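Colleague: The structure that follows is given in the form of structure tokens.
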Amino acid sequence: MDLHSAPIQLVVSDAQEKLPATLRVAQAGIPAAKKNGRKCEGDGRHVVDRLGAGCARFCAAFRAVFGGAGGYFSVDRQSAPAGRRAYGCDPEGLGFRCQRRAALCHARIRSWSVRRPRFCDAPPDDRCHHQFRFPAPGDGCVARPCRRAAAGRRMMPIVQLGAEGRWTNYHGTGTCEVATRFALRSGDAERGRDEIAIAARAVQDWLGQAQAAGRRVRPIGAGWSPSNVNIVSDSWLLHTRRFNRCFRVGGADVRPGVEAAALMLVEAGALVDEVSDKFEQQGRSLWTSGAGNGQTFAGACATGTHGSVVGRGGIQDHIRAVQLVTPTGIHWIEPAAGVMSDAFVAATGSTALRDDELFAAAQLPVGALGIVTALVVDSVPKFLVRPIQNLRKVDCAALDWLAAGDFRSFSAAYALDQDPHFVQMIVNPYKPFKRPAMLRFLYREPWRDAYPHATPGELGAGYDALSLLGRFLDEYPWARGALLQFAMKQGYAAGPDIDDPPVYGSWGEGLNTHRPLADLFNASVTIDRADLARAFELICAVYARHGGSTVVTLRFMERAQGLLAPARFPHNAVIDFDGPRSARTAEAYARVVERLDAEGIAFTRHWAKSCRLDAARVAADYGEDFRRWRTARDRLIPDPAHRALFGSAVLDGLGLTG
Ligand SMILES: Cc1cc2nc3c(=O)[nH]c(=O)nc-3n(C[C@H](O)[C@H](O)[C@H](O)COP(=O)(O)OP(=O)(O)OC[C@H]3O[C@@H](n4cnc5c(N)ncnc54)[C@H](O)[C@@H]3O)c2cc1C
């Protein structure tokens, strides 16, 4: 089968159960095709079969004129080309996005199951299973485009994407000027270790070429970080999203005492969503992640992405080993106790560095330690979560429960009398305890195969505060409190509440990828949870008084791994300010920071968010851990010229690369 003209399959369901008889599906936006003024050929319109009330499978076949089967696909029940044009762009320019009208609850784009055996039947990483990249029918929210494999077919794993130009990140918070873009692509090597060996060598050569060309480099994941840690001009960018295969780990490949079945070898560009799916197919699960799942795994770890699982740390805690490429080395970094066998590490073409300090630095590198090509990711047996989501007025005194970690009492008061796995509260900073807050709880239950499947929407996906607001808040300062409350009510999926029939999902099913938001403001402070009762009201009051125009989200987590993990207190409360960007909101956040300093309340800030950090502040916030991180960096990249290769205005300013 010619992969470039592979048919795609779309399963579309509609919350209102009003599916159209036909559906127009169009491929649009392939840069090369656009440039040449030609459209891709093909259009899909017919229903293959109905899968039950409100759900049908459609078939669409395309033959791309240029550029393969990638590009943007839109599913549009009204066939409005203008609507399609209005959709945002994929930052990589190659992505495969599922777009839909509001009426469509969700649409899934999958490759045909034809000739793609289920992952579960694939052998472990000692024989060929390149089909692993494709999701099995019935799984996954985002599938990868069919494309020619790179490495194993003697094609370059790294290809240049067009001519030098500009690149803008996902939320449009930063632009790289004069950037030459490259993509690192997965191959079809027999074994995962062989594939990452080929890729790492190619990356090392590429670094040498960039240096010879006098260009700085920047690996790009999904490009989600609004702090612009993914931005550098006059540079070579390496897009990693096409480098996304995952491989099971065999028992002979690990050191004695390590549970191989819990581990997966993940190429750096695999999305959190994809890693979640692959684990689920093995009966395993990630134990935490951020609110969305469209980040790459390496990119999410690079900034310490987290959610609100009360007993866990950040996503980087899943890492057991990292393959990191610098101009002078291909390093396999693990804790001193070791994880993978010597033979496995040698087969990856890497030099083993079993060292706790280097590992703790590499777990959260902020893109400053080299290029991560692969990770060994840990998991737990898969489990179900039951969400409860409601709007409740929260008593100010309840903060004492939260500060003390008594999540059970908080849950009993506002949802179920059970220990919650996850607790999140989104408040209107204008009178946070007089207006209803948006509460979300997840209760963990043992896995069972027979549970009624719910859509991500029914499970409350997209609950992050970023999804809620519009620019109009900034334009009506007198009504900000009421407008925020209105937006909270409209934007929050009310229910399932405690009286509604319970719905269940796996960890991955409750997450969703995200649509880009223009002009995003996105900042946070992480405080010691013990300070919550005295800090939270103060934060809301200062933020509201100075005109902050976003909701305020409260999340919880334990101390996270990695020397530069912002969640560095034994128990952490993370307070997020997410919404439309405006000078007033940024100013209000700055006043919050000033006030916390004045009150002597210790806090850190998120590496990915717009938090106005500088090198002096980073050094003060992280103290001895920052010094240890820099020592580890200098051991990994001893030559200052090589460190500068990974520099950028933002990273130099943070003292990470300068
Ligand atoms: C809609 C949205 C929701 C979010 N929700 C949350 C949340 O719930 N919790 C939370 O904590 N954060 C959240 N974030 C922040 C997000 O998780 C981080 O920005 C994350 O780093 C993005 O991952 P990415 O793949 O897009 O990385 P990018 O933004 O592309 O890159 C981030 C950094 O990692 C580096 N990097 C990327 N890939 C590699 C690699 N292979 N090797 C070395 N360095 C690399 C980049 O150079 C850059 O310095 C959210 C962001 C958005 C936009």
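The values are calculated or read from the model by the stated rules, or taken from the named source; none is laboratory data. For clarity, every value in this text was computed on a predicted model and none was experimentally measured. Cβ placement follows ideal geometry from the backbone for every residue including glycine, while neighbour counts extend to all protein chains displayed. Note: accessible area is taken over every heavy atom of the protein model, side chains too, but ligands, DNA and RNA are not part of it. Shrake-Rupley method; radii C 1.70, N 1.55, O 1.52, S 1.80 Å.
Colleague: So, R0 is 22 Å and r is the distance between the beta-carbons of residue 448 and residue 380; what FRET efficiency does that work out to, to 0.05?
Modeller: About 0.85, to the nearest 0.05.
Colleague: Moving on to the next point. From the alpha carbon gyration tensor of the range 201-301, can you work out the equivalent ellipsoid semi-axes (sqrt of 5 times each eigenvalue) and give them in Å, largest to smallest?
Modeller: Those come to 30, 18, 10 Å.
Colleague: So if R0 is 51 Å, what FRET efficiency would residue 168 and residue 395 give, r being the distance between their Cβ atoms, rounded to the nearest 0.05?
Modeller: E(calc), rounded to 0.05, equals 0.70.
Colleague: Could you give the length gained on full extension between residue 591 and residue 624, defined as 0.36 nm per residue of separation minus the Cα-Cα distance, in nm?
Modeller: So the extension gain works out to 9.2 nm.
Colleague: Got a number for the accessible area of residue 310? Probe 1.4 Å, square angstrom, nearest 10.
Modeller: 20 Å²
Colleague: Hey, another quick one. Counting only protein heavy atoms and using a 1.4 Å probe, what share of the accessible area of the range 144-277 belongs to carbon plus sulfur, as a whole percent?
Modeller: Carbon-and-sulfur percentage of accessible area, whole number: 46.
Colleague: For the range 391-432, what is the accessible area per residue in Å², given a 1.4 Å probe and the full set of protein chains?
Modeller: Per residue, the range 391-432 has an accessible area of 39 Å².
Colleague: With the Cα gyration tensor of the range 294-418 in hand, give its eigenvalues times 5 under a square root as the equivalent ellipsoid semi-axes, listed largest first in whole angstrom.
Modeller: Over the Cα atoms of the range 294-418, the ellipsoid semi-axes are 39, 15, 13 Å.
Colleague: About its Cα centre, how strong a charge dipole does the range 151-381 have in debye, to the nearest 20, once Lys and Arg get +1 and Asp and Glu get -1 at the Cβ?
Modeller: 480 debye
Colleague: In whole Å, largest first, what are the principal axis extents of the Cα atoms in the range 224-369?
Modeller: 44, 38, 28
Colleague: Here's a follow-up. In the range 566-605, what percent of the accessible surface is made up of carbon and sulfur (1.4 Å probe, ligands and nucleic acids excluded)?
Modeller: 52 percent
Colleague: Report Rg(Cα)/(2.2 N^0.38 Å) for the range 545-621, keeping two decimals.
Modeller: Cα Rg divided by the expected 2.2 N^0.38 Å: 1.13.
Colleague: Something else about it: Give the calculated FRET efficiency between residue 212 and residue 159 to the nearest 0.05, with a Förster radius of 25 Å applied to their Cβ-Cβ distance.
Modeller: After rounding, the FRET efficiency stands at 0.85.
Colleague: Count neighbours as other Cβ atoms within 10 Å of each site's Cβ, and list the chymotrypsin sites (Phe, Trp or Tyr not before Pro) in the range 294-382 that are DSSP loop with at most 10 such neighbours.
Modeller: none
Colleague: With a point put 7 Å past each Cα toward its Cβ, work out how far residue 601 is from residue 545 in nm, to one decimal.
Modeller: 1.3 nm
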